[in-house]
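First up is the structure itself, then whatever we jot down about it.
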Amino acid sequence: MLLTLALALCAPQAMAAQQDDDKSDELFKHFSIGVRIKAWELSGDKAFVGTILDNTVDEKSYWYPTNVNAQYLFNDYFGLVLEWDYYEAKMEKDGHLKWQGLTAGVTARYPIDILKGVVPYAVAGVVYVNPQFEEENWWRYGYPNSGTYESWMAQRPADVDPYEWMAQYRGGYHRNMKTEDTFGFTYGVGVDIFLTDSLALNLDIRWVQAETNVDYTLAFNNGRDVFRSRQFTYDLDTFAGGIGLRWYF
């Protein structure tokens, strides 16, 4: 009878402890996925080649997410992150430099007890970057400016292929820009502000340090006979501020 009485007294306490544990498990989510929009700028030397100087490079920001991120947390304080980013910069009137960055890194978080639902964090990692320079046709095919290109194309006979007609100007003189994939480093800080148990407003500041090797060539005979080449490195260092949402589950 004493054993039965003891079990009866302990049972409610055990149930309460179990409920507390279950509640704690519900509040801690191991996985998250998120998206961010961002404003950014190249923070290194922007001068590229020819007329492309610091004040002629225009970084593009979009009003849709250009960052997708995933996170796995070992506990409330540490975890791993995987992120994809897209960048694009207009290089004067010559073309666009576009690249994607894939980041793998670690995160350290510090929930603030007095501010329930506010979790600052820091991030550091390695980023793989694959830049590409997309030349405008007038620049690639050796025209002195876009107006000359448009005037020449307006004279194209209807039975001539547009690309063949482009290449006929100045005997098929070509400019070509090749960029190499590269690795760099990224680090940043941010904060998750939980709107619900599973949804957080994400604010993030991020720095990336990277550079790519560029091979710039001038050639005749439809690009086959190179008569001038230049190799140089270009800074892909960026500073970005982003805002988005994260879903925890």
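Couple of notes before you dig in:
- Scoring 35-43, 133-141 by mean Cβ neighbours within 10 Å over their residues and listing the highest first yields 133-141, 35-43.
- Calculated diffusion of the stretch 92-233, Stokes-Einstein form, Kirkwood radius summed over Cα pairs, 25 °C and 0.890 mPa s, µm²/s: 129 µm²/s
- Rounded accessible area per residue of the stretch 131-249, 1.4 Å, Å²: 55 Å²
- Over all pairs of different C-alpha atoms, the chain has a mean inverse distance whose reciprocal, the Kirkwood radius, equals 21.9 Å.
- Using a probe radius of 1.4 angstrom, the carbon and sulfur fraction of the accessible surface of the stretch 111-249 is 55%.
- Ranking 85, 225 from most to least accessible surface, computed with a 1.4 Å probe over the protein chains only, gives 225, 85.
- Centroid-to-centroid, using Cα positions, the stretch 139-162 and the stretch 69-135 are 41 Å apart.
- Share of carbon and sulfur in the accessible heavy-atom surface of the stretch 50-101 [1.4 Å probe, %]: 59 percent
- Each helix, a run of at least 4 DSSP H residues, gives -39500 (n - 2.57); summed and divided by the residues of the chain, these come to -5500 deg cm²/dmol at 222 nm.
- Angle between the chain longest axis and helix 2-27 axis [Cα atoms, degrees, rounded to 10]: 20 degrees
- With the convex hull of the Cα atoms taken as the outline of the stretch 38-113, the averaged projected area works out to 7.0 nm².
- With Cα atoms as the point set, the radius of gyration and Dmax of the stretch 170-229 evaluate to 22.5, 66 Å.
- Annotation: average projected area of the stretch 24-163 is 12.9 square nanometres, based on the convex hull of Cα atoms across all directions.
- Computed over the chain, relative contact order equals 20 percent, with contacts defined as Cα pairs under 8 Å that lie 6+ residues apart.
The values are calculated or read from the model by the stated rules, or taken from the named source; none is laboratory data. This structure is a prediction, so every number in the text was calculated from the model and none was measured. When we count neighbours, we look across all protein chains shown, and the Cβ atoms used for this are built from the backbone with ideal geometry, even at glycine. To get the accessible areas, we keep the full protein, side chains included, count just its heavy atoms, and leave off ligands, DNA and RNA. Shrake-Rupley method; radii C 1.70, N 1.55, O 1.52, S 1.80 Å.
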